Amino acid sequence: MCNDYRLMVDVASIIEEFAELKIKIRFGEGTPNLEAREDIKITDVGPIVRTLAGARDEAELVQRRWSWPGPNKRPVYNFRSEARAFDANRCLIIADGFYEFTQPKDPKKKRKDKWLFTKKGERIFCIAGIWRETPDVGQAFTMLTMEPGPDIAPYHDRQIVILDRSLWASWLDPAISATSLIRPLSAGTLAVEQVG
(Lines give C-alpha, C1' and ligand atoms only; values in the text may rest on other atoms or scores of the structure.)
Protein backbone atom coordinates (compact mmCIF):
# COMPACT_ATOMS: atom_id res chain seq x y z
CA MET A 1 0.00 0.00 0.00
CA CYS A 2 1.10 3.56 -0.53
CA ASN A 3 3.73 4.52 2.03
CA ASP A 4 5.58 7.11 -0.05
CA TYR A 5 4.33 9.95 -2.24
CA ARG A 6 5.68 13.02 -4.03
CA LEU A 7 4.89 16.73 -4.26
CA MET A 8 7.12 18.92 -6.39
CA VAL A 9 4.84 21.94 -6.96
CA ASP A 10 4.74 25.19 -4.99
CA VAL A 11 1.90 26.82 -3.05
CA ALA A 12 1.06 29.23 -5.89
CA SER A 13 0.48 26.31 -8.25
CA ILE A 14 -1.79 24.59 -5.71
CA ILE A 15 -3.83 27.79 -5.23
CA GLU A 16 -4.17 28.09 -9.01
CA GLU A 17 -5.39 24.49 -9.40
CA PHE A 18 -8.08 24.99 -6.74
CA ALA A 19 -9.05 28.41 -8.13
CA GLU A 20 -9.88 26.74 -11.46
CA LEU A 21 -12.49 24.75 -9.51
CA LYS A 22 -13.79 27.92 -7.80
CA ILE A 23 -12.37 26.87 -4.42
CA LYS A 24 -10.57 29.69 -2.58
CA ILE A 25 -7.68 28.47 -0.44
CA ARG A 26 -7.17 30.18 2.92
CA PHE A 27 -4.14 29.96 5.20
CA GLY A 28 -5.35 30.21 8.80
CA GLU A 29 -1.88 29.23 10.03
CA GLY A 30 0.01 31.33 7.50
CA THR A 31 1.19 30.40 4.02
CA PRO A 32 3.42 27.33 4.34
CA ASN A 33 6.82 27.17 2.71
CA LEU A 34 6.38 24.00 0.67
CA GLU A 35 9.66 22.60 -0.52
CA ALA A 36 9.70 20.23 -3.49
CA ARG A 37 9.94 16.69 -2.15
CA GLU A 38 10.50 13.48 -4.08
CA ASP A 39 9.59 11.37 -1.07
CA ILE A 40 7.01 12.16 1.60
CA LYS A 41 7.01 9.20 3.96
CA ILE A 42 4.95 7.98 6.89
CA THR A 43 5.20 10.38 9.89
CA ASP A 44 6.44 13.22 7.63
CA VAL A 45 4.44 16.44 7.46
CA GLY A 46 2.52 17.10 4.26
CA PRO A 47 -0.04 19.63 3.01
CA ILE A 48 -3.75 18.86 3.20
CA VAL A 49 -6.82 20.88 2.25
CA ARG A 50 -9.86 20.68 4.49
CA THR A 51 -13.20 22.43 4.86
CA LEU A 52 -13.38 25.84 6.39
CA ALA A 53 -16.51 26.27 8.53
CA GLY A 54 -18.60 24.27 6.06
CA ALA A 55 -18.14 26.70 3.15
CA ARG A 56 -18.23 24.78 -0.15
CA ASP A 57 -16.21 27.38 -2.07
CA GLU A 58 -13.52 27.91 0.58
CA ALA A 59 -11.01 25.59 2.21
CA GLU A 60 -7.84 25.87 4.24
CA LEU A 61 -4.42 24.48 3.45
CA VAL A 62 -2.47 23.29 6.48
CA GLN A 63 0.49 21.00 7.02
CA ARG A 64 -0.07 17.94 9.18
CA ARG A 65 1.64 14.69 10.04
CA TRP A 66 0.93 11.70 7.80
CA SER A 67 -0.34 8.94 10.15
CA TRP A 68 -1.43 8.72 13.74
CA PRO A 69 -0.52 5.95 16.17
CA GLY A 70 -3.03 3.08 16.18
CA PRO A 71 -4.02 1.00 19.22
CA ASN A 72 -0.89 -1.12 18.72
CA LYS A 73 1.21 2.08 18.32
CA ARG A 74 1.87 1.29 14.64
CA PRO A 75 1.21 4.25 12.32
CA VAL A 76 -2.22 4.38 10.67
CA TYR A 77 -1.19 5.74 7.28
CA ASN A 78 -3.78 3.93 5.11
CA PHE A 79 -7.42 3.37 6.09
CA ARG A 80 -9.96 1.11 4.34
CA SER A 81 -12.85 3.04 2.82
CA GLU A 82 -15.31 0.18 2.33
CA ALA A 83 -18.61 0.47 4.23
CA ARG A 84 -17.66 3.69 6.01
CA ALA A 85 -19.49 7.03 5.94
CA PHE A 86 -16.68 9.54 6.65
CA ASP A 87 -19.21 12.21 7.61
CA ALA A 88 -16.63 14.44 9.35
CA ASN A 89 -12.97 15.47 9.12
CA ARG A 90 -12.49 14.78 5.43
CA CYS A 91 -9.42 16.20 3.73
CA LEU A 92 -7.68 16.27 0.38
CA ILE A 93 -4.07 15.12 0.38
CA ILE A 94 -2.17 16.99 -2.33
CA ALA A 95 0.32 15.04 -4.44
CA ASP A 96 1.78 14.94 -7.91
CA GLY A 97 2.89 11.32 -7.70
CA PHE A 98 2.87 8.26 -5.49
CA TYR A 99 4.92 5.10 -5.35
CA GLU A 100 4.21 1.40 -5.20
CA PHE A 101 6.81 -1.31 -4.70
CA THR A 102 6.94 -4.80 -6.22
CA GLN A 103 9.25 -7.77 -5.93
CA PRO A 104 12.31 -7.12 -8.11
CA LYS A 105 12.35 -8.57 -11.61
CA ASP A 106 16.09 -9.10 -11.23
CA PRO A 107 16.61 -11.84 -8.60
CA LYS A 108 20.05 -10.35 -7.74
CA LYS A 109 18.51 -7.00 -6.82
CA LYS A 110 18.14 -6.60 -3.04
CA ARG A 111 15.59 -3.79 -3.04
CA LYS A 112 12.08 -3.91 -4.40
CA ASP A 113 11.28 -2.29 -7.74
CA LYS A 114 9.90 1.23 -7.21
CA TRP A 115 7.12 2.52 -9.50
CA LEU A 116 6.02 6.15 -9.78
CA PHE A 117 2.37 6.83 -10.64
CA THR A 118 1.32 10.27 -11.90
CA LYS A 119 -1.97 11.53 -13.33
CA LYS A 120 -1.79 12.17 -17.06
CA GLY A 121 -2.25 15.82 -18.02
CA GLU A 122 -2.51 17.16 -14.45
CA ARG A 123 0.13 18.93 -12.33
CA ILE A 124 -1.37 17.72 -9.07
CA PHE A 125 -4.07 15.35 -7.91
CA CYS A 126 -5.85 14.80 -4.62
CA ILE A 127 -6.07 11.67 -2.52
CA ALA A 128 -9.16 11.23 -0.34
CA GLY A 129 -8.17 11.39 3.30
CA ILE A 130 -9.42 11.94 6.80
CA TRP A 131 -7.75 13.74 9.69
CA ARG A 132 -8.13 13.47 13.42
CA GLU A 133 -6.84 14.91 16.64
CA THR A 134 -4.81 12.49 18.74
CA PRO A 135 -3.28 12.92 22.19
CA ASP A 136 0.06 11.51 20.98
CA VAL A 137 0.77 13.58 17.86
CA GLY A 138 -1.94 16.24 17.61
CA GLN A 139 -3.74 16.52 14.28
CA ALA A 140 -2.72 13.95 11.66
CA PHE A 141 -4.11 12.55 8.41
CA THR A 142 -4.37 9.19 6.70
CA MET A 143 -5.07 8.10 3.11
CA LEU A 144 -8.18 6.13 2.25
CA THR A 145 -7.82 2.90 0.29
CA MET A 146 -10.02 0.80 -1.99
CA GLU A 147 -9.90 -2.12 -4.41
CA PRO A 148 -7.36 -1.40 -7.17
CA GLY A 149 -8.39 0.21 -10.44
CA PRO A 150 -7.09 -1.02 -13.81
CA ASP A 151 -3.88 1.07 -13.78
CA ILE A 152 -2.79 -0.13 -10.31
CA ALA A 153 -4.03 -3.74 -10.26
CA PRO A 154 -0.87 -5.09 -11.98
CA TYR A 155 1.23 -3.60 -9.14
CA HIS A 156 -0.85 -3.97 -5.97
CA ASP A 157 -4.04 -5.57 -4.63
CA ARG A 158 -5.21 -2.27 -3.02
CA GLN A 159 -4.87 1.39 -3.94
CA ILE A 160 -5.27 4.83 -2.46
CA VAL A 161 -8.46 6.71 -3.39
CA ILE A 162 -7.51 9.24 -6.06
CA LEU A 163 -10.38 11.64 -6.62
CA ASP A 164 -11.25 13.01 -10.03
CA ARG A 165 -10.81 16.81 -10.05
CA SER A 166 -14.56 17.29 -10.44
CA LEU A 167 -15.05 15.63 -7.03
CA TRP A 168 -12.62 17.65 -4.91
CA ALA A 169 -15.26 20.09 -3.61
CA SER A 170 -17.73 17.25 -3.08
CA TRP A 171 -15.23 15.32 -0.96
CA LEU A 172 -14.88 18.35 1.30
CA ASP A 173 -18.67 18.42 1.81
CA PRO A 174 -19.57 15.81 4.48
CA ALA A 175 -23.24 16.03 3.44
CA ILE A 176 -22.33 14.21 0.21
CA SER A 177 -22.08 10.44 0.58
CA ALA A 178 -18.48 9.23 0.62
CA THR A 179 -19.45 5.99 -1.11
CA SER A 180 -20.79 7.96 -4.07
CA LEU A 181 -17.36 9.58 -4.55
CA ILE A 182 -15.01 6.62 -4.02
CA ARG A 183 -14.44 4.84 -7.31
CA PRO A 184 -11.48 3.82 -9.46
CA LEU A 185 -10.21 6.07 -12.21
CA SER A 186 -10.66 4.95 -15.81
CA ALA A 187 -7.97 2.78 -17.39
CA GLY A 188 -5.12 4.88 -18.78
CA THR A 189 -5.68 7.84 -16.40
CA LEU A 190 -2.43 7.16 -14.55
CA ALA A 191 1.04 7.04 -16.04
CA VAL A 192 3.54 4.65 -14.45
CA GLU A 193 7.30 4.46 -14.71
CA GLN A 194 9.92 2.46 -12.92
CA VAL A 195 12.16 4.75 -10.85
CA GLY A 196 14.10 2.30 -8.73
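The values are calculated or read from the model by the stated rules, or taken from the named source; none is laboratory data. Not measured: the values here are computed from a predicted model. Here the Cβ positions follow ideal geometry from the backbone for every residue, glycine too, while neighbour counts run over all protein chains shown. Side chains are part of the model used for accessible areas, which takes the heavy atoms of the whole protein and leaves out ligands, DNA and RNA. Shrake-Rupley method; radii C 1.70, N 1.55, O 1.52, S 1.80 Å.
Output wanted: per-residue J couplings in Hz (rounded whole) for the stretch 30-43, from phi through Karplus 6.51 cos²θ - 1.76 cosθ + 1.60, θ = phi - 60°, x for Gly and Pro.
x, 5, x, 8, 8, 8, 5, 9, 5, 9, 10, 10, 3, 6
In whole Å, what are the Cα extents of the stretch 39-127 along the three principal axes, biggest one first?
Here the Cα extents, ordered largest to smallest, are 54, 40, 27 Å.
Determine the calculated [θ] at 222 nm for the chain from helices alone, applying -39500 (n - 2.57) to every DSSP H run no shorter than 4 residues and normalising by the residue count; nearest 500 deg cm²/dmol.
Rounded to the nearest 500, it is -1500 deg cm²/dmol.
What whole number of Å gives the distance from the Cα centroid of the stretch 41-65 to the Cα centroid of the stretch 108-131?
The two parts, judged by their Cα centres, are 19 Å apart.
Apply the Karplus curve 6.51 cos²θ - 1.76 cosθ + 1.60, θ = phi - 60°, to the phi angles in the stretch 152-162 and return the couplings in whole Hz, x for Gly and Pro.
Here the 3J(HN,Hα) series is 9, 3, x, 10, 7, 8, 9, 8, 6, 7, 9 Hz.
Using 10 Å bins from zero, what percent of all Cα-Cα pairs in the chain falls into each bin?
Result returned by the calculation: 9, 37, 38, 14, 2, 0.
Taking R0 as 30 Å, what FRET efficiency do you get between Lys22 and Lys120 from their Cβ-Cβ distance, rounded to the nearest 0.05?
Step by step, r from the Cβ atoms, then E = 0.80.
Counting other Cβ atoms within 10 Å, which trypsin sites (Lys or Arg not before Pro) in the stretch 81-116 have at most 16 and lie in a DSSP loop?
Arg84, Lys105, Lys108, Lys109, Lys110, Arg111, Lys112
Within the accessible area of the chain, what % is carbon and sulfur when the probe is 1.4 Å and the other protein chains stay in place?
With neighbouring chains kept in place, the figure for the chain is 49 percent.
How much of the pair distance distribution for the stretch 94-192 lies past 19 Å, counting alpha-carbon pairs only, in percent?
Roughly 50 percent, once rounded to a whole number.
Could you calculate the contour length gain from Ser13 to Val195, that is, 0.36 nm times the residue separation minus the distance between their Cα atoms, to one decimal place in nm?
That works out to 63.1 nm of additional length.
So which GluC sites (Glu not before Pro) in the stretch 1-41 end up in coil per DSSP with only 13 or fewer other C-beta atoms within 10 Å?
Sites meeting the loop and neighbour criteria: Glu20, Glu29, Glu35.
Please identify the GluC sites (Glu not before Pro) of the stretch 109-196 that satisfy two criteria: DSSP loop assignment and at most 13 other Cβ atoms within 10 Å. Which are they?
Glu122
Using 0.36 nm per residue, how much length does the chain from Ala153 to Ala53 gain when fully extended, once their Cα-Cα distance is taken away?
Additional length available on full extension: 32.2 nm.
At 1.4 Å probe radius, can you tell me the per residue accessible area of the chain in Å²?
Per residue, the chain has 49 Å² of solvent-accessible surface.
Can you run phi through the Karplus equation (6.51, -1.76, 1.60; θ = phi - 60°) for the stretch 58-64 and list ³J(HN,Hα) in whole Hz, with x for Gly and Pro?
9, 8, 10, 9, 9, 9, 9
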